[in-house]
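One structure is given here, and the rest of the page talks about it.
The values are calculated or read from the model by the stated rules, or taken from the named source; none is laboratory data. Since the structure is predicted, the reported quantities are computational estimates derived from the model, not experimental observations. Cβ atoms come from the backbone with ideal geometry, glycine included; neighbour counts cover every protein chain shown.
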Amino acid sequence: MDDAVTAEREELAISAEELQLATRNHGFPLEALALDVTPVGLHYLLIHYDIPVVDPAAWRLRLDGCVERVLSLSLDDLRARPSVTQEVTLECAGNGRTLLSPRARSQPWILEAVGTGSWTGTPLAPLVREAGLTDDAVEVLFTGLDRGVEAGEEQAYQRSLTLAECEREGVVLAYALNGGPLPPQHGYPVRLLVPGWYGMASVKWLDRITAIDAPFTGYQQARAYRLRQDEDDPGTPVDRIAVRALLQPPGVPDFFTRQRHVGAGTVVLRGRAWSGSAPITAVEVSTDGGATWFPAEVAPAAGPHAWHRFTATWEATPGEHEVCCRATDASGDTQPVDSAWNLGGYAANGIHRVPVTVR
């Protein structure tokens, strides 16, 4: 075996550590793109550390820091406040990273780190206003109860938002998912929900909200979740979800390879498209690997933060085909043919390719 083949096999191999992550952080089966709202058990999960065990009777959410009034709120206090229910599409920033080469050694997502839930919670902005930010507040820091070690340092999971982002409509403290209490793995009893941003911003198992007088420089903000070309590159922050479309796999799968099989004739292609920046305005489909494209029909989204359904009709002829899709949003962003490489494998939104055998 020559060195090039050996190097390629080593690059493709999944390590025991990555396999361990994959068994904890399950993905979304793409056939569930048929559903407007993802059932709780099918929604993707990324759990950085351990799932905290929380006593809801003893739990309190503290809001402090650069505020005029420190608040301490129980779960009942939050439920008693005005609430909103909204369908929100969440996607992990690392979705698609295994399709990049060389790939990042992390949770080995292919394309399945997504889901759309019906989330209920109380808006963040009125709560922050009630505490009263002082003039020296520049950001709001969110601290979860989950703790772990990264870069040799024990830490709680923490992320911050700008003051403007905290005021944005749709940013809520969520305590229910699909009509029931948050499951433990989704952040029970309360999590932050930041629509339009990749999932790392929606801190789970909230413990504390702190108004701070300088930009947050903790690990999850300053080192992780940044678009970098090498270890010395400070990079730029990962934030809004890049425009993407995914096909609901047509026909039936081969058990092991997941190769799709359909019968010749009229095939209806279906899928979902979304963007964290603007509504989807167009989806195109190709059945020849991207050589030619034709438009799909795009349905309105259920809300400003939810995915769109699209459909297209294909007259399938016997043989091997590669079916692809790509989306464009109202800001003019279109999915690239190939994802832009970066060290962490983030925001990899190249077009979705599905090999299909037509019988």
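Name the single residue that is surrounded by the most Cβ atoms within 10 Å (Cβ to Cβ) among those in the range 233-261 being free of Cβ contacts under 8 Å to residues at least 12 places away in the same chain and charged (D, E, K, R).
Here the answer is Arg258.
Give the range 160-212 a look and list any residue that's more than 21 Å from Glu130 (Cα to Cα) and in contact with a helix residue (DSSP H, G or I) (Cβ under 8 Å, 6 or more places away or on another chain), or say none.
Matches in the range 160-212: Leu177, Asn178, Gly180, Pro183, His186, Pro189, Met200, Lys204.
Of everything in the range 288-316 that's touching a Leu at 6+ places or on another chain (Cβ under 8 Å) and part of a strand (DSSP E or B), which residue is farthest from Gly276 (Cα to Cα)? Don't jump to the end; show me each part of the working.
Within the range 288-316, the subset touching a Leu at 6+ places or on another chain (Cβ under 8 Å) is 296, 311-314.
Checking which are part of a strand (DSSP E or B) leaves us with 311-314.
Details: Thr311: 21, Ala312: 24, Thr313: 27, Trp314: 29 Å.
Once the filter is applied, the top-ranked residue is Trp314.
Being more than 20 Å from the chain's Cα centre (by Cα) and free of Cβ contacts under 8 Å to residues at least 60 places away in the same chain is the filter here, so list the residues in the range 112-156 that pass it.
Those that are more than 20 Å from the chain's Cα centre (by Cα) and free of Cβ contacts under 8 Å to residues at least 60 places away in the same chain: Thr122, Pro123, Ala125, Pro126, Arg129, Asp135, Val149, Gly152, Glu154, Ala156.
What is the number of the single condition among (1) part of a helix (DSSP H, G or I); (2) among the hydrophobic types (A, V, I, L, M, F, W, C); (3) buried (at least 22 other Cβ atoms within 10 Å of the Cβ) that Ala164 does not meet?
Ala164 satisfies all of (1) part of a helix (DSSP H, G or I); (2) among the hydrophobic types (A, V, I, L, M, F, W, C); (3) buried (at least 22 other Cβ atoms within 10 Å of the Cβ) except (3).
Run Gly115 past the list (1) in a loop (DSSP other than H, G, I, E, B); (2) closer than 26 Å to Arg272 by Cα and report the number of the one that doesn't hold.
Failed condition: (1).
Can you go through Ala264, Ala282 and tell me which one is in the same structural domain as Ala330 (by TED's automatic domain parsing), surrounded by 13 or more Cβ atoms within 10 Å (Cβ to Cβ) and within 19 Å of Thr313 (Cβ to Cβ)? Walk me through it before giving the result.
Values: Ala264 fails: surrounded by 13 or more Cβ atoms within 10 Å (Cβ to Cβ).
Only one candidate qualifies: Ala282.
In the range 172-237, which strands (runs of 3 or more DSSP E) lie fully inside it and hold 2 or more residues that are under 19 Å from Leu46 (Cβ atoms), modelled with pLDDT of 95 or more and hydrophobic (A, V, I, L, M, F, W, C)? Step through it out loud before you land on a result.
Working: elements: 172-177, 191-193, 206-212.
Answer list for the range 172-237: 172-177, 191-193.
Being touching a strand residue (DSSP E or B) at 6+ places or on another chain (Cβ under 9 Å) and of a type in the set (D, E, K, R) is the filter; apply it to the range 204-232 and report the residue that is surrounded by the most Cβ atoms within 10 Å (Cβ to Cβ).
Per the criteria, the residue is Lys204.
One residue is enough: does the range 332-349 have a residue meeting the conditions assigned to a strand (DSSP E or B) and touching a Ser or Thr at 6+ places or on another chain (Cβ under 7 Å)? Quick ask: steps written out before the conclusion?
In the first step, residues of the range 332-349 are kept if they are assigned to a strand (DSSP E or B); the result is 334.
Now restrict to residues that are touching a Ser or Thr at 6+ places or on another chain (Cβ under 7 Å): 334.
So far as the range 332-349 goes, yes, one or more of its residues are assigned to a strand (DSSP E or B) and touching a Ser or Thr at 6+ places or on another chain (Cβ under 7 Å).
Any residue in the range 281-304 that is free of Cβ contacts under 8 Å to residues at least 24 places away in the same chain sitting within a Cβ distance under 8 Å of a residue that is of a type in the set (Gly, Ala, Ser) and not in a loop (DSSP other than H, G, I, E, B)? List the pairs, counting only those 6 or more apart or interchain.
Thr292/Ser286; Phe294/Ser286; Phe294/Ala312; Pro295/Ala282; Pro295/Ala312; Glu297/Ala312
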